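What follows is calculated from the coordinates using simple rules that are stated; it is not laboratory data. Because the structure is predicted, anything quoted here is derived from the model rather than measured. No Cβ is skipped: glycine too gets one built from the backbone with ideal geometry, and neighbour counts run over all protein chains shown.
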Amino acid sequence: MPSEEELYQDHILDHYEDPFHRGSLPTATHAHEDKNPLCGDVVRIELQLDDGGKIVDAFFNGEGCVISQASASMLLEKLQGKSIEDVKQFSAEDMLELYGPRLTPNRQKCCLLSWKVMQSAVHSPLERSGQS
Amino acid sequence: MSILTTIDQVVLLPEALRRDFPILSENVLDGHPLVFLDNAASTQRPRQVIDAIARVYERDYANVHRGIHTLSERSTEQYELAREKAARFIGATHAHEIIFTQGTTGSINLVARSWGETNLRPGDEILTTVMEHHSNLVPWQQVAAKMGATLRHVPITDDGRLDMDTFAMLLSERTKLVAVTSMSNTLGTVNPIAEIIAQAHAVGALVLVDAAQSVPHMTTDVQAWDCDFLAFSGHKMCGPSGVGILYGKESLLDSMPPFLGGGSMINEVRLDGFTPAELPAKFEAGTPPIVPAIAMSAAIDYLQKIGLDAIHRHEQALVQYAYEGLSQIEGLRILGPAPEHRSSLVSFAFERIHAHEFAQVLNDRFGVAVRAGHHCTQPLHKLLGLSASTRASFYLYNRPEEVDRLLEGIAAVQKMFAPQGRKRRAQ
């Protein structure tokens, strides 16, 4: 069992308090939102993809525990500028590794929420009028 | 803690009964004594119940109501004795008004399906409340959709009590059933069940009481309430999981068709049909939860030996103590009413700190087990403007010192997650 000192490492709390790209993205082309039915944590990710499938910009918004929100921040920081192919290649194991501290199965769900949302977001184009 | 003086030591149960519960002295978390405050989800079991389970399997086990051999006779006798004890425990007139189910959820679904699908017509109304557990909402949503009935919900007051004025307004000749909890698993509110039943009966409506949270903690008397249906679980009252009880008035259960079909629930089966058995077998298709039911009666023995009124007094003292302690914490919002309107639990939320952080740190650093999440009351949490809360729920073995530990832990969590002007570092 991990101790809470490990779980809440400084760099995780840094992400929680000073997240990477928390907010909305007016130029978003793709977006997805999901929740963890167990606890109600919510994460929404908005992406701007170019024609080549590159993530030009990425923002997230959400509500939930430190793990769900800090992991979203870490994920976006990691995948900003990467391709759809990179997102597909980025596995759940990679996400848990990126987070760092070993998590119990129930807390892994908190950590993987943003990862799940990201995997869907790249396939969820926004309906836009008057744009190509 | 200075507020320790406010607790009336005389009303507390003897600390020695903690020794009945082997798990309380287990080294669950390295170096931390276990402070188990998740009793509203499921309690722990005393040695007396654990032994009863082993005793049946070791000496008396066989399927019930089938063999004429000695073991089947023994297990049948104990199983039926468990039914009689359960009947006396809740003040039922007849043992055959006690149906063993797999739990409160199973009991409510039995009524929703058997009674609901027989008696509800388009335009009929089922009245429930916004503070119900999902298990007293979803079955009614399902049956209402199927039968074209309408589901209505009694709101709560600002302090988390049932809005009885609106309840009276919502009641009408269209109301066929009121499904209500006797105690909210999130707010802790104890509802005025006798009054609710009297008002419902006045318009000809039946009442189902979800008593999962109240039966373990206070005396229940279905006759005094004039209750039509009552549902509760074994695992929230020191018994095993996998068994619960549906109480129903004899005349109602007699008029209802069987819910599940199979063995035991029949009188005669032909290839082209069947005739159902008498009560209670009519509603107990298949091999029932034999050992859980027998062990549940051992739990009833245990609780009755201590006394439900004594348990209630003990928990009221703890909840009052916890409420006062929590009230002094800045930024903490207690869900639900003042202690005199609640029982055995207190849920709370902070503006900035998620319930998961409390549950995690309380566990890892203080050995305190609490529930974090929506506690199967999503509509209520939404109404309160929350996605999650933290819940501390007490039982007969909890002590004031454990409440102190909880309060100490909460203060540590607040400190740990207070904004510190942190900056994310470059990768």
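Could you list B:309, B:38 in order of exposure, starting from the residue whose Cβ has the fewest other Cβ atoms within 10 Å?
B:309, B:38
How far, in degrees from 0 to 90, does helix B:193-202 lean away from the longest principal axis of the Cα atoms of chain B, to the nearest 10?
The answer is roughly 40 degrees.
Angle check, please: helix B:400-416 long axis (alpha carbons) against the longest principal axis of chain B (alpha carbons), in degrees 0 to 90, nearest 10.
Result, in degrees: 60.
Is the C-alpha gyration tensor of chain B telling us rounded, prolate or oblate? Criteria: a/c under 1.5 is rounded; beyond that, a/b larger than b/c is prolate, otherwise oblate.
It is oblate, given that a/c is not under 1.5 and a/b is not larger than b/c.
Which one of A:25, A:120, B:205 has its Cα pushed farthest toward the positive end of the charge dipole of the protein assembly as shown, where Lys and Arg give +1 and Asp and Glu give -1 at the Cβ?
Among A:25, A:120, B:205, the one farthest towards the positive end of the dipole of the protein assembly as shown is A:120.
Rank the residues B:287, B:175, B:104, B:275 as a footprinting-exposure proxy: fewest other Cβ atoms within 10 Å of their Cβ go first.
Result, fewest neighbours first: B:275, B:287, B:175, B:104.
Only Cα pairs within less than 10 Å get springs; with that Gaussian network setup on chain B, which residue of B:181, B:128, B:93 has the largest fluctuation?
B:93
How many angstrom lie between the C-alpha centres of the range A:30-46 and the range B:99-144?
31
How about residue A:82: which lysines have a C-alpha closer than 27 Å to its C-alpha, ignoring those fewer than 8 places off in the same chain?
Straight-distance partners of residue A:82: A:35, A:54, A:109, A:116, B:423.
For the range A:4-120, what is the relative contact order in percent, using Cα pairs closer than 8 Å and at least 6 residues apart in sequence?
29
Around residue B:410, with a cut-off of 12 angstrom between Cβ atoms, what is the net charge of the other residues, counting Lys and Arg +1 and Asp and Glu -1?
With Lys, Arg at +1 and Asp, Glu at -1, the neighbours total -1.
Quick check: residue separation of residue B:412 and residue B:198 times 0.36 nm, minus the Cα distance between them. What number comes out in nm?
72.3 nm
Can you bin every Cα-Cα distance in the protein assembly as shown into 20 Å intervals starting at zero and give me the percent of pairs per bin, rounded to whole numbers?
Here the calculated profile for the protein assembly as shown is 19, 45, 30, 5, 0.
For the range B:99-188, what class follows from the C-alpha gyration tensor (a ≥ b ≥ c being the square roots of its eigenvalues): rounded when a/c is under 1.5, otherwise prolate if a/b is larger than b/c, else oblate?
Since a/c reaches 1.5 but b/c is at least a/b, the shape of the range B:99-188 is classed as oblate.
Arrange the following residues from fewest to most other Cβ atoms within 10 Å of their Cβ: B:301, A:10, B:272.
Placing the least packed residue first, the sequence is B:272, A:10, B:301.
Once the Cα atoms of helix B:138-147 and of chain B are each reduced to a long axis, what angle between those two axes, in degrees from 0 to 90 to the nearest 10, is obtained?
For B:138-147 against chain B, the angle is about 40 degrees.
Over chain A, with a Gaussian network built from C-alpha contacts below 10 Å, which listed residue (A:49, A:112, A:13) shows the highest mean-square fluctuation?
A:13
With r defined as the distance between the Cβ atoms of residue B:158 and residue B:47 and R0 fixed at 45 Å, what FRET efficiency is calculated, to the nearest 0.05?
0.50
Can you check what the net charge comes to around residue B:60, using other residues whose Cβ is under 12 Å from the Cβ of residue B:60 (Lys, Arg +1; Asp, Glu -1)?
Neighbourhood net charge equals 0.
Only helical DSSP H runs with n ≥ 4 go in: add -39500 (n - 2.57) per run for chain A, normalise by residue count and round the 222 nm mean residue ellipticity to 500 deg cm²/dmol.
Helix-only estimate at 222 nm: -12500 deg cm²/dmol.
Would you compute, from DSSP H runs of 4+ residues alone, the mean residue ellipticity of chain B at 222 nm, taking -39500 (n - 2.57) per run and dividing by the full residue count, rounded to the nearest 500?
-10500 deg cm²/dmol
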